[in-house]
Structure formats: C-alpha cells, structure tokens
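Worksheet: one structure, shown below.
Please treat every number below as a calculation from the coordinates, not as lab data. Because the structure is predicted, anything quoted here is derived from the model rather than measured. When we count neighbours, we look across all protein chains shown, and the Cβ atoms used for this are built from the backbone with ideal geometry, even at glycine.
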Amino acid sequence: MPPPPAPSPPATKDIEMKRIRIALWALVALSLVAFGTLLLWPRPGPQPTQTISQVDFGGPFTLTGAGGRPFSSASLNGRPYVIFFGFTHCPDVCPTTLARLVRLRAELGKPLEILFVTVDPERDGPAEVGKYAELFGAPVTGLTGTPAQIEQVKKQFGIYSRKVPGEGGGYSVDHTSTVLLFDRAGDFVATISPEEPDQAALDKLKRITA
Amino acid sequence: MKLLPWAIAALLPLASCEDPPPDLSVSNAWVRETVPGQTAAAVYLTIVNEGGSDRLVEAGTPAAASASLHASTSEGGVARMRPLSGGLEIPEAGQVTLRPGGNHIMLTGLGLILRQGESIILRLGFERSGERTVRVRIVDAAASGAEPPGHQGH
C-alpha cells in the first residue's frame, strides 16, 4: 500500500473550511436579502385607465328604444344585462335566441335586462324593434338608431354583421350570434353561444345576477 | 363477344332493384307567431321516411309570398342563413327534422300576422313523393322547441 499522502497542515485546512463556511453563509444571507427585496419592493400600481372607448368593452352608449325614446346605457347602472344583436327580419336565429333568453331568465327567477339591438337599422326602426321585443311575452328592450350609431355600438361590443342579398331584392344579415353578459358594474363577464347547453348558460346568468 | 349480351341480361335485374318508393309522414309542423311588420318566419317540422330516399325540393303557402328551404349556421360566433338550393335529402328509412338553429322553411313576404293558436297551410313538394299538404300550427313566440309551449328541457 502506498503511504498515505502527507496531510496538509491542520491550520490551512481549518482556515479553508472556515472560508467555505463563511462564503456559504454569505450566500445564504444574500439570498435572504434578495428574496426579502423582491417581496417588499413596491410595485407600480394599476395603470390609469385610458379613455373609456379605447379600453372598455361595452358601454356607454345611447340608442333609440321603442316609440322613439332615447335609451342610455347609464339607465342600466347597477343592473346586470345581456345584449344580443340581430334583426327583425331574421326568421330563425334571432327569435330562437331571444325566446331562449326569456326562458332562461324565467328559470333563473331574478331580474335581468335583455337587450336586443338591431344590426339592420334601415328596416328596423323604433316601431319594428319595439313590437318585436313584445313578441316574447316578457320584458325585452328593443333598440335601434341611425346607421352611424349602430356601427359605433357594434364596434364597442365587437359585433360583426354583413348584409347578404337574397332572392327577389331582399336581404339577410349575417351577424354575431353570441349573447354578451354584463354584471352590475357594467363589466363584461361572459358570453353565451347558441350551441351551449342550457345549464352552462344558466350558470353564467347566475354569476352576473349574484 | 357472345358473352356480353348474357352479361348484360344477367345484370339487368339489378338495375330494376332501385330505391323502393318513399313512404313519408310529415308531423309536428310549427311556426312562431309574428308581429305586424315582420315579413319573415321560419317553419319547422319532422319528416319520417319508411321507404326509399326522396328529396324536398319546394314549398309554398297562401300565407306568404314565398317559402324556401334555408340552413342556419353558427360558425365562429357568426349566424348565417343560406338557401338550400338543391333541396333537402330525405334518406331511405330515415328522419329529417327542421328545428330552430338548423334547417327550416323560411317564409318571406308574410301576408298576414301569424297569431298563436291558429294555423296556416303549407304545401311541400317532394321529388318522388309529389305534393304534400300540412297544417302548421302557430305557437307562442317564447316556444323554443318542437314540444308544445311550456315544455322545459330537451
């Protein structure tokens, strides 16, 4: 067996260990300081909101209701609402959606504003949307406006629509089929799509009317 | 080849073995009530076929200027409606249901207000079965399903 290596002088080894120990503790201290700093460093507060039209999704808006009366979104303050865009010459999707919303609201058993905004202001004046809204046997607010007002509100709510010429000179309108849900604070909360089952839709309505 | 006429003769019986005649029953035809000013409405119904395939190719009613098959689609959150210009196939031993959000017969140029509880006559034209006449009942607008008003859930 080879002779054991000459041990390093005890003093040097002790000093090395001591240095290593100091270094390690310094590292620990540094980590603690860094961690503490991260925790306590003041973070910038929420950014101040820019002008409402740029950042907020939804209102405020002013349209025209049945009978030509102006309707302001301010009148909704404190009340949750659902808003759906369609047109009265729509034979299938629009009545189906509104009928469904009326039925769900009845199941919900709580007050809920249902707004119907036309994407066809040329044919749907206040009388048309007013009468159409009465079809469903329960409060539905029918809204219209000038083409410019409707375009503006469509933008605010991210709504798409497009005229499609039909046979015989008439036209249909392709349009967003999603229902938009807003809570008491007027904040956008969720959507309901036509394909969604009733239970999921009802749960969302419960959330905004809580 | 002498064999050819025999081959043709052997296959001929197969040619006569075409679709059996269709055997259609139309039921549960309904339409929502309308308000003055509404010019369009959608008729929904069910066709049960216990025979060979057929095709629904036209429709008409005294209640409206025109009646035509349309398909509603909702893709990417956008609702569209397109005419089914080729008609609608009624498969052999099958069933077709026109329902809200799907295929329907669109009435345009409504000549009268559709009132709940009343009915209108709808004429359906099938490629093979010819003409059928059905009574379409007018239901409460809050009705969303083929079941009578008041039915909850599916």
Task: Table column - 3J(HN,Hα) (Hz), segment A:183-193, Karplus curve with 6.51, -1.76, 1.60, x for Gly and Pro - done: 8, 4, 7, x, 8, 5, 10, 6, 10, 10, 9
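Relative contact order for chain A using alpha-carbon pairs under 8 Å, separation at least 6, rounded to a whole percent? Can you show the working numbers first?
Values: 286 pairs, mean separation 46.5, N = 210.
Relative contact order here is 22 percent.
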- [ ] List, largest first, the extents of the alpha carbons of segment A:102-192 along their principal axes, each in whole Å.
- [x] 44, 28, 21
Task: Shape category assigned to the protein assembly as shown from the gyration tensor of Cα positions, a/c cut at 1.5 - done: oblate
- [ ] Quick one: compute the contact order of segment B:30-119, relative version, from alpha carbon pairs under 8 angstrom and 6+ residues apart, as a percent.
- [x] 43 percent
Open item on the list: Quick check: from the Cα gyration tensor, does segment B:62-140 come out rounded (a/c under 1.5), prolate or oblate?
Closed with: oblate
TODO: Name the residue farthest towards the positive end of the dipole of the protein assembly as shown from the options B:PRO91, A:PHE182, A:VAL164, assuming +1 on Cβ of Lys and Arg, -1 on Cβ of Asp and Glu, about the Cα centre.
DONE: A:PHE182
Task: Qualifying GluC sites (Glu not before Pro) in segment A:147-210, DSSP loop, other Cβ atoms within 10 Å at most 15 - done: A:GLU195
Task: Dimensions (Å) - segment B:77-118, Cα atoms, principal axes, largest first - done: 36, 29, 21
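Multiplying the sequence separation of A:LEU30 and A:THR146 by 0.36 nm and subtracting their Cα-Cα distance, what value in nm do you get?
Full-extension gain reported as 35.1 nm.
B:GLU127 to B:LEU4: FRET efficiency via 1/(1 + (r/R0)^6), r the Cβ-Cβ distance, R0 30 Å, to the nearest 0.05? Before the final figure, lay out the partial values.
Values: r = 34 Å, r/R0 = 1.13.
Efficiency for this residue pair is about 0.30.
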